1. Count the net charge of all other residues whose Cβ sits under 10 Å from the Cβ of LEU202, scoring Lys and Arg as +1 and Asp and Glu as -1.
2. Please report the carbon-and-sulfur percent of the accessible area for the chain; probe 1.4 Å, protein heavy atoms only, DNA, RNA and ligands left out.
3. Taking only protein heavy atoms into account and a 1.4 Å probe, give the accessible area per residue of the chain in Å².
4. Could you compute how fast the chain diffuses translationally, taking Rh as the Kirkwood radius over C-alpha pairs and applying Stokes-Einstein at 10 °C with viscosity 1.306 mPa s? Give it in µm² per second.
5. Could you grab the relative contact order for the range 221-292? Cα pairs under 8 Å, six or more apart, rounded to a whole percent.
6. Gain in length, SER252 to GLU294, computed as 0.36 nm per residue apart minus the alpha-carbon separation, to one decimal in nm?
7. Any lysines with Cα under 23 Å of the LYS289 Cα? List them, leaving off those in the same chain fewer than 8 positions away.
8. Rounded to the nearest 5, what % of the DSSP beta bridges within the chain are antiparallel ones?
Amino acid sequence: MEYTTLGRTGLKVSVAGLGCGGFSRLGLGTGKSEADAIGIIRAALDLGVNLFDTAAAYGTENVLGKALQGVKREQVVICTKAPFGVSNPDATPEKAVASLDRSLRELGTDYIDVYQLHGVSPRGYQHAFEAIAPALLREKEKGKFRHLGITETAPGDPAHEMIRRASQDGIWDVVMVAFHMMHQNARRAVFPLTREHRVGTLLMFAVRNIFSRPERLAATVRELADAGELPLEIADDPDPLGFLVHEGGASSIVDAAYRFVRHEPGVDVVLFGTGDIGHLHTNIDSLLKPPLPEADRARLAGVFGRLVGVGLDAPHLTPLSGRAKSD
Ligand SMILES: NC(=O)c1ccc[n+]([C@@H]2O[C@H](COP(=O)([O-])OP(=O)(O)OC[C@H]3O[C@@H](n4cnc5c(N)ncnc54)[C@H](OP(=O)(O)O)[C@@H]3O)[C@@H](O)[C@H]2O)c1
């Protein structure tokens, strides 16, 4: 494993972080057992992963707590989240504090390393900043968590408006941002700001459905070409990202997707979600490989670099295309 510093938190974190949400929720979202989920977490620990991201909304805090029993608390970085935004538009300071206390109990720990507000929209940000954050910072003073963070609602905020504001407001030490091969706008919109303010970055959406399901990629590319956002000949290619897979390049589209985000300047930790032990191993291998060849990165930037908001569908949405339809 390789380690880095999570912005101004100073936390030493693995460059690969295990996401306990997403479509898989450690496998609990795809029919696997709690014992399987614990096996995924323990295997990640054995491979040197020390950062784990969960949320009250995922239903995986308890299983993460169980898996970490017996591990020295200071050896892991636990990130979790208070419901906000879409799932709880009336988020109040009292509810956020109650959720923090519940998360501490579910995780079976005395403190959380990074406590985040979950999926905050640009519309909800002022309320998060003025009402919720001060209440949470009072709980931080009591030692319940170490650093405050905030995560964007990627489908509802493809231009990263919320994170751009949060990065400059001084109270959020960590932000979680969406960035991938067909949604590259954080390169200009977010990372210069987070680097300037030394805000730690957790990267989400590296693969999701769009790069793990060939039929989803093909449908999305067809839709984008029909809309004039990609050249038509790409849509006729049965393997539109196949150029990435070659001797000296990526071994698969998923390998390319993780390597693409891992080496982007400004990305601290790449979160990946899986309920599959084989994927756990190959994803960590990918994240530890060198950057994609320069020519492939240039082609990705040239062909797909202007796309925004592609492949950000939430787990409850099942459109054929990867284009996000709503929050
Ligand atoms: N707003 C927010 O706060 C927010 C939103 C989204 C995500 N997140 C966080 O970010 C984390 C990462 O997001 P994510 O879970 O969507 O991660 P991701 O790594 O982009 O995508 C995971 C999906 O890809 C599949 N996959 C993973 N590795 C694969 C491989 N080697 N080959 C084929 N398919 C593979 C997984 O299925 P398998 O189980 O089959 O591997 C899963 O369906 C989440 O767990 C969560 O902690 C936060």
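1. Details: positive: none; negative: ASP53, ASP268.
After counting each charged neighbour, the total is -2.
2. 51 percent
3. Result: 41 Å² of accessible area for each residue.
4. Roughly 80 µm²/s, to the nearest whole number.
5. On the way: 54 pairs, mean separation 17.9, N = 72.
Once divided by the residue count of the range 221-292, the mean separation gives 25 percent.
6. 13.4 nm
7. LYS12
8. Percent antiparallel among DSSP bridges in the chain is about 15.
The values are calculated or read from the model by the stated rules, or taken from the named source; none is laboratory data. Not measured: the values here are computed from a predicted model. Glycine gets a Cβ as well: all are built from the backbone with ideal geometry, and neighbour counts include every protein chain shown. Heavy atoms of the whole protein, side chains included, go into the accessibility calculation; ligands, DNA and RNA do not. Shrake-Rupley method; radii C 1.70, N 1.55, O 1.52, S 1.80 Å.
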